[in-house]
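Computed from the coordinates by the stated procedures, all read-outs in this text should not be read as laboratory data. Everything numeric in this text was worked out from a predicted model, so none of it was measured. Positions of Cβ are backbone-derived with ideal geometry, glycine not excepted, and every protein chain shown enters the neighbour counts.
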Amino acid sequence: MNKIKIIKSEEMNKHKITKVIEKKYLNDLLNKPIKIKNKNDISNKPNGFWLSINEGWEKWCKSEMPEWIENSTIAELKFNPSYNIMLIEEVNDIIGAWNDYLNESGFKSKYPKGDSIMCFYDENYNICNFWSWLINKYNLAGIYLTNEGEWKTRMTTFLYGWDCESIVIFIPEIINKEKTIEIKNE
């Protein structure tokens, strides 16, 4: 079994955690329960509430799709302590988890175990099963792809579609709403 990297949610608070959001929805973010929508499709991104780390999403949008953030504001968030977060810093972090999934699930990939991440795209396979297994196996509240991890995995794994340093959370209670503030979108 491969050892995945787990950190506690309070360790994330040393980073700038933000959510780019339309101004009209800021009050909802601050005052209503966060709903995690289940899109239930074949996706390189798990269902969850996506957040930017160290302005990764803001920087990406400004250079690639500035219209996506034109009429938005930014909420800065903090996490409550003691939740498990998977840390992805290199290719082996995700491949190791995938190989463990293959071993435990009995799923027969047409690609060999090891360094080929193409196995994520096996026909007749829905990647949502992998994400669900990973979240449940390690009681994850989120998955954090570091900036370094994004660059190391972008051309060799399906994580290329994550675009930038970010975290996806699965348990809304991780967000400390009392410490969430609006900051200016420049």
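Taking 21 Å as the limit for the C-alpha separation, the pairs Lys3/Lys152; Lys45/Lys137; Lys14/Lys62; Lys32/Lys137; Lys32/Lys59 exceed it in the case of Lys14/Lys62; Lys32/Lys137; Lys32/Lys59. If R0 is 30 Å, the Cβ-Cβ spacing of Asn31 and Ile7 corresponds to a FRET efficiency of close to 0.55. When each of the peptides 139-147, 80-88, 68-76 is scored by how many other beta carbons lie within 10 Å of its residues on average, the order from highest to lowest is 139-147, 80-88, 68-76.
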